[in-house]
Amino acid sequence: MARKQQEQQDIIGSFAIEAFQNDLLYWFERQQRDLPWRQSRDAYRVWVSEIMLQQTRVDTVIPYYERFMERFPTVEKLADAELEEVYKYWEGLGYYSRARNLHSAVKEVKERYGGTVPDTPEDVHALKGVGPYTAGAILSIAYGLPEPAVDGNVMRVLSRIFLIEEDIAKVSTRKVFEAVVRRIIAHRNPSFFNQALMELGALICIPRSPRCGSCPVASHCRAREQGIQETLPVKKKAKQGRVEERGVALVRREDGRWLIHKRPESGLLANLWEFPNAECQEEAEAREKISVYMYRTFGVKCVPQDLVMEHSHVFSHLQWNLHTYMCGYKGKEEGQGEAAAKARMLWVTIDEMENYPFSVSHKKIVDALREGFQQSLL
């Protein structure tokens, strides 16, 4: 413990903590953006906003947040909803495990805490899907506790302010930043202090070409003093993810209904709907792979014809290159593929697709289909 305290002291050094707090809070009180989740300190609303904002831009989140909160304004409303409906309101935001974990956690809050989000670090950290950053945001913003909320923006700001050159991709480095925040956080207003650090990283202390001339705490910045602010933070490149080529089948019956199916209950994009698709080593073999996959899995006989769409979707560890084909429907052989597909495939109209939550990559296909791909079959 003594060694850690010494390391923290070495980082802080003679830093003017109170002056930094004053400059940062003065700026935030006057310049903060008018965002819908800042209109209330309700812990549930703070929680939902922070989950949505993970790896997603503010401008993207705003309409989703407003629509989500209109439908699920309380812990009880969200806890009582079916997961598929929650997915539908999340559709387009991606990283669907966030929605699944949030739904599971609010059920626990309803059952264990009477619908009130807990206000202790131990209880908040124990909620499913709530990591150190989200817990710190809830506790500081909603409950005014001096807990650190360290995300990528905050690490970038503090790496420059304190000239911290440790790799922010390492879990251990986050602990360093959390310890620094505990030392410098404004106890008189932890909510504004943490939000101000996030805001500074989002608007001023941006990754490239930071706007140092507009920074309210530029006089406190050690990296700027040495002219190396653009070299920080240090972050080693992650290993490149795997790339999969996937052939997607658009199959329509004579009655105008299209085949969709539900993904498995666990794993990537669990329980979301999509068009049937099969991995193929290269585009040249996509048609054959699709045809074989459709028959073996669903008992559907089809002939892939025109390639109507190509697009990619990048996950944190994986990239899908999707090649979408219109397929000629040749009938269905009863019994073939029934065991695997019975409860997880449907024939729906384009309008009915609105009732099912699709992954981002397949929602793009739905939108394109609605806009005109079906014209080639009329």
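Here, each number is a calculation from the coordinates, and none is a lab measurement. Bear in mind that the values here come from a model prediction, so they are computed numbers and not experimental data. Note that each Cβ is placed from the backbone with ideal geometry, even for glycine, and that neighbours are counted across all protein chains shown.
Taken about its Cα centre, the chain carries a charge dipole of about 680 debye when Lys and Arg each add +1 at the Cβ and Asp and Glu each add -1 at the Cβ.
Converting phi to 3J(HN,Hα) with the Karplus coefficients 6.51, -1.76 and 1.60 and the offset θ = phi - 60°, segment 51-56 yields 5, 5, 7, 5, 6, 9 Hz in sequence order, with x at every glycine or proline. Overall, segment 62-123 carries a charge dipole of about 160 debye about its Cα centre when +1 sits on the Cβ of Lys and Arg and -1 on the Cβ of Asp and Glu, all other atoms neutral.
Note: relative contact order over the chain, using C-alpha pairs below 8 Å and six or more positions apart, is 15 percent. Between GLU371 and PHE15, with labels modelled 7 Å along Cα→Cβ, what's the label distance in nm to one decimal, could you check? Result for the modelled spin labels: 4.7 nm. Measuring against 23 Å, Cα to Cα, the residue pairs LYS175/LYS237; LYS239/LYS364; LYS175/LYS236; LYS77/LYS364 contain LYS239/LYS364; LYS77/LYS364 as the ones spanning a longer distance. DSSP bridge analysis restricted to the chain gives an antiparallel fraction near 65%, rounded to the nearest 5. Between amide H atoms placed 1.01 Å from N, distances below 5 Å from GLN319 occur with ARG242, VAL243, GLU244, all of them 5 or more places distant or on a separate chain. Here the translational diffusion coefficient of the chain follows from Stokes-Einstein with Rh set to the Kirkwood radius across Cα pairs; for 37 °C and 0.692 mPa s it amounts to 140 µm²/s. Per-residue 3J(HN,Hα) values for segment 57-74, derived from phi via the Karplus relation 6.51 cos²θ - 1.76 cosθ + 1.60 with θ = phi - 60°, read 5, 4, 4, 6, 6, 3, x, 5, 4, 5, 5, 5, 6, 5, 7, 10, x, 9 Hz in sequence order (x marks Gly and Pro). The amide H of PHE358, built 1.01 Å from its N in the peptide plane, has TRP273 as neighbours under 5 Å, considering only residues 5 or more places off or on other chains. Positive end of the dipole of segment 2-231 (Cβ unit charges, origin at the Cα centre): among HIS103, PRO210, PRO36, the Cα lying farthest that way belongs to PRO210. Every helix of 4 or more DSSP H residues in the chain counts as -39500 (n - 2.57), and over all residues that averages to -13000 deg cm²/dmol at 222 nm. Packing order of peptides 124-136, 106-118, highest average first: 124-136, 106-118 (average count of other Cβ atoms within 10 Å over each peptide's residues). Structural descriptor for segment 220-347: relative contact order 29 percent, calculated from alpha carbon pairs under 8 angstrom and at least 6 residues apart.
With a Förster radius of 35 Å applied to the beta-carbon distance between GLN32 and SER172, the computed FRET efficiency rounds to 0.65. Under 5 Å between amide hydrogens, built in the peptide plane, is the criterion, and for GLY115 it picks out LYS110 among residues at least 5 positions away or on other chains. Rounded to the nearest whole Hz, the Karplus-based 3J(HN,Hα) values (6.51 cos²θ - 1.76 cosθ + 1.60, θ = phi - 60°) of segment 95-109 follow the sequence 6, 5, 4, 4, 5, 5, 5, 4, 4, 5, 5, 5, 4, 5, 4, with x at glycine and proline.
With contacts taken as Cα pairs under 8 Å at a separation of at least 6 residues, segment 48-168 carries a relative contact order of 18 percent. Put a plus charge on the Cβ of each Lys and Arg, a minus charge on the Cβ of each Asp and Glu, and nothing anywhere else: the dipole of segment 6-115 about its Cα centre is then about 300 debye.
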